[in-house]
Every structure is written in structure tokens, then in C-alpha cells.
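Below: the structure, in C-alpha cells.
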Amino acid sequence: MSSDSIPRHVAVIMDGNGRWAEGRSKPRYAGHRAGIGPVRETVEHAAKRGIARLTLFAFSSENWGRPQDEVSRLMGLFHEALQREIDELHANHVRLRFIGDRSMLRSGLRQRIADAEALTAANDGLGLNIAVAYGGRWDIANAARRLAERVERGELKASAIDEAEFATALSLTGEPDVDLLIRTGGEHRISNFLLWNLAYAELYFTDCLWPDFSSREFDAALAFFGSRERRYGHTGKQLGVA
Ligand code: IPE
Ligand code: IPE
Ligand code: MG
């Protein structure tokens, strides 16, 4: 695979944990736990393939509406996985960043997230973004409010708000757009993930349930990406001219 066919930024909707567990007559929680191994493998494989940014959707704004027991177990699992993995991520030069509405999280988890971000802030390896309590609409509304506050304070002119200025107020400020979106679990939808950043992403959907995802599945998605012609509104002929 040539380096220009490797996406700079890959985003993943890690879906299908519940069905994986239900298919084995286990509680849904067992599927979430079984999803941790593939997260590890995916992070390692992204670094190995020279991908610069990886953004994983772990919990959406809408997932708060799940049964309380499932939500609370998921939060416990995030806490536990972060605690267990942070040293190795740091040793591998990963820079960790969380996106989402932190005010919704328990204070213990919030603190652990802040510590992990501070510890890895200066790392120059893979940029790993974890979306927890994240919604694409929340992100855009939040950005609009931040910009409006700057206008109110007289720091910014309303007429200066263009696409580039708007993007500075989003969660993934300074990050390249998503090149490749992978969704496991068979659904063909975005489910309120990175609405702004996915504008020109190539979309790869697989029936593979998240706990079964592996570096082989990841490579299949990368091969799909490598076969796409990205035209950005131009004609195929224009691209040939370079
Ligand atoms: C994704 O798996 C994990 C989260 C949304 C937290 P699901 O829990 O949605 O699994 P399915 O879609 O019900 O199989
Ligand atoms: C999307 O999965 C969110 C995450 C994977 C974290 P969902 O299972 O919540 O999506 P829907 O409800 O099927 O659209
Ligand atoms: Mg699901």
C-alpha cells in the first residue's frame, strides 16, 4: 500500500457490541467488555500503518437514553480501560484527546481524562481522539455558542465567521478532516457522529460486529479507501491534469 493511499484521519463507529453478546446469550455488557481488545488492536494497527489521527466513537449523546445499568457499566468500563492502558499508550507516544460533553461525566472519570490528556499532550505519535458523550449536533451548537460569546465580548466580528473560523471552535480544532469513516455492526448511518468533519470522508460499512473487528478487517477498509477516487466536486478528468 503506497503512503498516499493511507488516510491521514480515520474515524470509527464501533457498533455491534450488544448484538455480539446477545448472539452468545450473554448480557450486553459482556459485548462492551469484549470490545476493548479490538480497540487496542485498532490503535496499534493505525500507528503501524502510519495513520496520523484516529477518532473512536465510544458513547453518543443519545446513548444516555439507554437503561441506567448499561450506561453505568459502560462508564465503569471506560474508567477501567483508561486506567489500565494509559501507561502503554504514553510509552507508545500516543497523544490522547477526549471530545464530548464532559459536564455529563462523573467527576472521577472526568479527572482521569484530564490527567491522561495532560500526560500525553506533548507526544508526537498517533493522535487518538475518543468521543464520549459526543454528538455532532452538540459539537456544532457548542461551536456556534463559543463564537457568539466572542462576538458579544467584541473579540470577533460576525462578518469574520467563515468555514475556517467556525472550524476553530469545534471539538477537533486543528485536526485534519476525516478521510475514512469505518462503521461496524451493519448499519449504514452516521448516528450523529462528526457531522462537520465527515463532509468529504469515504464511508466504509461492514457487517462485522465490533468485538470481532481486527487488523485484517482494518486492512480491508484501508484497501477500500485506496481504491476510491476523491474528486471533491471536480470531474475525474480535472484530477488527471493535476
Ligand atoms: C456500540 O455497540 C457501543 C455503544 C453504542 C456504546 P451497541 O451497544 O450499540 O451494540 P448493538 O448495536 O446494540 O449491537
Ligand atoms: C453509535 O451506535 C454510537 C456508538 C457506536 C458509540 P448506536 O448503536 O448508538 O447507533 P444507532 O442507535 O444504531 O443509530
Ligand atoms: Mg448499536
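The values are calculated or read from the model by the stated rules, or taken from the named source; none is laboratory data. Keep in mind that this is a model prediction, so the values were computed, not measured. Neighbour counts run over all protein chains shown; Cβ positions are idealised from the backbone, glycine included. Heads up: the accessible areas ignore ligands, DNA and RNA and are worked out on the full protein's heavy atoms, side chains in. Shrake-Rupley method; radii C 1.70, N 1.55, O 1.52, S 1.80 Å.
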> Inside segment 188-201, can you point out the residues that are of a type in the set (A, V, I, L, M, F, W, C), open to solvent by 50 Å² or more (accessible area, probe 1.4 Å) and away from ligand 2 (no atom under 15 Å from the Cβ)?
Replying inline: Trp196, Ala199
> Has segment 135-147 got any residue that is closer than 30 Å to Ile6 by Cβ, acidic (Asp, Glu), assigned to a helix (DSSP H, G or I) and open to solvent by less than 70 Å² (accessible area, probe 1.4 Å)?
Replying inline: yes
> Can Val132 be described as modelled with pLDDT of 95 or more, surrounded by 11 or more Cβ atoms within 10 Å (Cβ to Cβ), more than 16 Å from ligand 1 (Cβ to nearest atom) and hydrophobic (A, V, I, L, M, F, W, C)?
Replying inline: no
> Would you call His45 outside any loop (DSSP other than H, G, I, E, B), under 23 Å from Arg97 (Cβ atoms), touching a helix residue (DSSP H, G or I) at 6+ places or on another chain (Cβ under 6 Å) and within 12 Å of ligand 2 (Cβ to nearest atom)?
Replying inline: no
> In the list Ala116, Ala167, which residue meets the criterion of being out of contact with any strand residue (DSSP E or B) (no Cβ under 9 Å at 6 or more places or on another chain) and assigned to a helix (DSSP H, G or I)?
Replying inline: Ala167
> Somewhere in segment 202-218, is a residue away from ligand 2 (no atom under 16 Å from the Cβ), within 21 Å of Glu44 (Cβ to Cβ) and crowded, with 20+ Cβ neighbours inside 10 Å?
Replying inline: yes
>> Could you tell me how many of the residues in segment 18-29 are within 11 Å of ligand 1 (Cβ to nearest atom), of a type outside the set (D, E, K, R) and either part of a helix (DSSP H, G or I) or open to solvent by 80 Å² or more (accessible area, probe 1.4 Å) (or both)?
In response: 4
> Among all residue pairs at least 6 apart or on different chains, which show Cβ distances below 6 Å where the first residue, located in segment 21-50, is within 15 Å of ligand 3 (Cβ to nearest atom) and the second is open to solvent by 90 Å² or more (accessible area, probe 1.4 Å)?
Replying inline: Tyr29/Arg73
> Of all residues in segment 164-187, how many are within 16 Å of ligand 3 (Cβ to nearest atom), open to solvent by 20 Å² or more (accessible area, probe 1.4 Å) and at positive phi?
Replying inline: 1
> Within segment 61-85, how many residues are surrounded by 17 or more Cβ atoms within 10 Å (Cβ to Cβ) and over 29 Å from Arg137 (Cα atoms)?
Replying inline: 1
>> If I ask for residues that are farther than 30 Å from Pro27 by Cα and touching a residue at least 12 places away in the same chain (Cβ under 8 Å), which ones from segment 220-242 would you list?
In response: Leu222, Ala223, Phe224, Phe225, Gly226, Arg228, Arg230, Tyr232
> Does Pro7 satisfy the condition of being within 16 Å of ligand 3 (Cβ to nearest atom), within 19 Å of Arg216 (Cα to Cα) and not in a strand (DSSP E or B)?
Replying inline: no
